[in-house]
Each structure stands twice: as structure tokens, then as C-alpha cells.
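Here the structure is laid out as C-alpha cells; the discussion comes afterwards.
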Amino acid sequence: MDIEFKNLINLQKIDGKLIEVSHFLYEVPAKLNRIDNKIEDSFKIVTKAEDKLAENQKKRRDVESEVQDMKTAISKYKRQLSDVRTNKEYTSLLHEISETENKGDSLEEEIISEMLKADDIEEEIKSATLKAEEAKAKFTKEKEALLKKKAEQEKFKADLLKEKEALLPLIPSDQITLYKKISVKSHGISLSPVTGEFCSMCHMRIRPQVLNELKEEDSIILCENCGRILHF
């Protein structure tokens, strides 16, 4: 029986490379998605700071509106001073004016405090934006490198498939059928070289009689333990 050990071994090498390439290509979409998520996360910090600034500005507008209302009320109270007829009413209005002015002063201090906070937030936005842009540049380079490697591996896979296609006609069909059957059960590895007296895949000791038969290379012998095709 003519056993195509050399071609079977070459087929195993090609299939091993195809498994590696296919595994890499399978993982590419997930890797690209992770890179995009990293870029997005970088800018989430900027968005969070911008939201903080928007909240600060809204609060400041609300307080400024409240201050304006108080100023309007104070003007109204002052106009009423000339119309009061008793000291009690006059004193009461002066008290209202004083209380309102004090509240207005407190609110204006709050406005100044919010303005100072806004300055800090704007610096925070600048810093976060700079870091985000740096991260984007870094991750974009990673993405470009990954896409370049993907293209290279796709070409490599195509070349391997052509090589395999040319190799298959050189191997008897019954040997290919056995090879494929074992490959399915053995995670894509159908052949196992014998190292010393052992199957290199499962490390089972090969019986002396089997070793002698292997040396003749006139029949396919399977490992009694893992079921792979043995060869020297």
C-alpha cells in the first residue's frame, strides 16, 4: 500500500496554519469592537465634564434670574416708601428692603462661586479632550495595524487554500477520508510524530512491534491511545 506520509504531513502543516489564521480572523471583529469602545470611553470623560459645565451654567442662570427678581422687588419697595403713612409701615418696608438686599448679596456671591467653578470645569474639559484625542490617535493606530494584519492574513489564507487544493489530488482518497475523520475528533490534528518510543501528542509508549511496522511505512498505523496517524 502506497502511504503518502510526506504529503499527509504537509497537509497537516497547511491545516495547522489554516486553523491559526482562521482563529485570528474570527477574533478580528471583536478586537475592532473593543478598540472602538476604548475610543468611545475616552470621550465619555469629556462628555461628562461638558455636562457638568452645562449644569453649572444652568444653575448660574437660575441664580442670576433670582437676583434680578430681587432687584425688581427692591425697586418696588423703595417706590412704596413715599406712599406709607405710618412709621410702622415705613420700618417694615425698610426691613424688607434690607432682607432682600442681603439675600441678593448672598446670591451674587453664589454666582461668583459658580463662575470660579466654571473656570475649573473648562480646564477639566480641555485636559480631558487632550487625553481623549491622544487615546484616539493611539487606538486608531492599533486599529489600522490590526486591519493591515487582517488583510495580510486573508491573503495568506487564500494562498494556503490554493496550496492545499494542489496537494489533495496527490493523496489517495481513502487516506484523505481517514485524515478528515481523525481531524474532527482530534481538534484538527490527525498526525502525530513518534519521538523515541512515544506518541508525541498523547505521550503514550508505542509497542516495539508497532514501531517495527512503522519503520516499514507500508500501512497506516493509529496510536492505540489518541487514535492519530503515527509516523517517524
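The values are calculated or read from the model by the stated rules, or taken from the named source; none is laboratory data. None of these values were measured; they are calculated from a predicted model. Here the Cβ positions follow ideal geometry from the backbone for every residue, glycine too, while neighbour counts run over all protein chains shown.
Taken together, the criteria exclude residue 181 from residues that are farther than 15 Å from residue 7 by Cα and touching a helix residue (DSSP H, G or I) at 6+ places or on another chain (Cβ under 9 Å). For residue 220, the conditions (1) aliphatic (A, V, I, L, M); (2) in a loop (DSSP other than H, G, I, E, B); (3) closer than 23 Å to residue 23 by Cα are fulfilled apart from (3). Entry remark, the stretch 98-133: residues being under 13 Å from residue 46 (Cα atoms) and either outside the structural domain of residue 51 (by TED's automatic domain parsing) or charged (D, E, K, R) (or both) number 6 in total.
Do we find that residue 180 is closer than 17 Å to residue 10 by Cα and touching an Asp or Glu at 6+ places or on another chain (Cβ under 8 Å) in this structure? Here the answer is no, as residue 180 does not meet what is asked. Scanning the stretch 1-59 for residues that are more than 22 Å from the chain's Cα centre (by Cα), farther than 20 Å from residue 158 by Cα and charged (D, E, K, R) turns up 2, 4, 6, 50, 51, 52, 55, 58, 59.
The rows are residues; the columns are (1) of a type in the set (A, V, I, L, M); (2) assigned to a loop (DSSP other than H, G, I, E, B); (3) within 30 Å of residue 132 (Cβ to Cβ).
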position	(1), (2), (3)
2	no, yes, no
35	yes, no, yes
41	no, no, yes
51	no, no, yes
63	yes, no, no
70	yes, no, no
93	yes, no, no
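Of the candidates 63, 46, the single residue that is surrounded by 12 or more Cβ atoms within 10 Å (Cβ to Cβ), touching a Leu at 6+ places or on another chain (Cβ under 6 Å) and modelled with pLDDT under 95 is 63. Here residue 91 clears all of (1) surrounded by 12 or more Cβ atoms within 10 Å (Cβ to Cβ); (2) more than 30 Å from residue 176 (Cβ to Cβ); (3) of a type outside the set (Asp, Glu) except the condition numbered (1).
A single entry from 143, 149 fulfils the requirement of being at pLDDT 95 or above, in the same structural domain as residue 60 (by TED's automatic domain parsing), in contact with a Leu (Cβ under 8 Å, 6 or more places away or on another chain) and surrounded by 12 or more Cβ atoms within 10 Å (Cβ to Cβ): 143. If you check residue 79 against the conditions, is it more than 60 Å from the chain's Cα centre (by Cα), part of a helix (DSSP H, G or I) and exposed (fewer than 11 other Cβ atoms within 10 Å of the Cβ)? It is true that residue 79 is more than 60 Å from the chain's Cα centre (by Cα), part of a helix (DSSP H, G or I) and exposed (fewer than 11 other Cβ atoms within 10 Å of the Cβ). Residues in the stretch 211-232 that are more than 17 Å from residue 8 (Cα to Cα) and crowded, with 16+ Cβ neighbours inside 10 Å: 211, 226.
Residues in the stretch 174-207 that are more than 15 Å from residue 16 (Cβ to Cβ), in contact (Cβ under 8 Å) with a residue 24 or more places away in the chain and part of a loop (DSSP other than H, G, I, E, B): 202, 206.
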